[in-house]
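These notes concern the structure reproduced below.
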């Protein structure tokens, strides 16, 4: 049962980031933008069951929850803390974490050297900042010089991720990897 170490605001006023003392996953991100998609994930389902939740993202020792515009943080935070504290922490890995995850892990494990370069750039210069704001980003595919990415967590509905951050990512990739790659958010 993970203990909550801190609750932080994010640039997205409808999202908060819970920092945990124990991990709820090891290196794999879990993102749900509806209660229906969270039905098979015990942690995400329990957070949607609180009500007024729009999306749930978690990875390692971080959980980001986005609420509806109408909900008030003062009312919803105490109720969100209950299922978070009741969640199972992940103490060991069985080495098969990648098997349970689809497209993003497949893209990360792709033998395409360009995807490897892009992932390295994102890991060094983009993902740490997104994680500090309660979000993440995954590569979905690279086809015909079009890189499809998906923002997760607080970044998933934040206006700045779809404008400034997306342009910054594309400019870095163009400058350092391939000037012909276009980056689009899915």
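Got a number for residues in the stretch 59-89 being touching a helix residue (DSSP H, G or I) at 6+ places or on another chain (Cβ under 9 Å), outside any helix (DSSP H, G or I) and in contact (Cβ under 8 Å) with a residue 60 or more places away in the chain?
The qualifying residues number 6.
Being closer than 21 Å to residue 16 by Cβ and outside any helix (DSSP H, G or I) is the filter here, so list the residues in the stretch 116-137 that pass it.
Filtering the stretch 116-137 for residues closer than 21 Å to residue 16 by Cβ gives 127-137.
Within the stretch 116-137, 133, 134, 135, 136, 137 meet the criteria.
If I ask for residues that are within 13 Å of residue 55 (Cα to Cα) and in a loop (DSSP other than H, G, I, E, B), which ones from the stretch 24-38 would you list? Spell out the reasoning first.
From the stretch 24-38, those within 13 Å of residue 55 (Cα to Cα) are 30-38; that's our starting set.
Correct list: 33, 34, 35, 36, 37, 38.
Spot the failing condition for residue 72; the list is (1) surrounded by 14 or more Cβ atoms within 10 Å (Cβ to Cβ); (2) at pLDDT 85 or above, and only one is missed.
(1)
Quick one: in the stretch 16-52, of everything that is crowded, with 21+ Cβ neighbours inside 10 Å and free of Cβ contacts under 8 Å to residues at least 24 places away in the same chain, which residue is farthest from the chain's Cα centre (by Cα)?
The residue in question is 48.
The values are calculated or read from the model by the stated rules, or taken from the named source; none is laboratory data. Note that the coordinates shown come from a computational prediction; the quantities given were computed from them, not determined experimentally. Every residue, glycine as well, gets a Cβ built from its backbone with ideal geometry; the counts of neighbours run over all protein chains shown.
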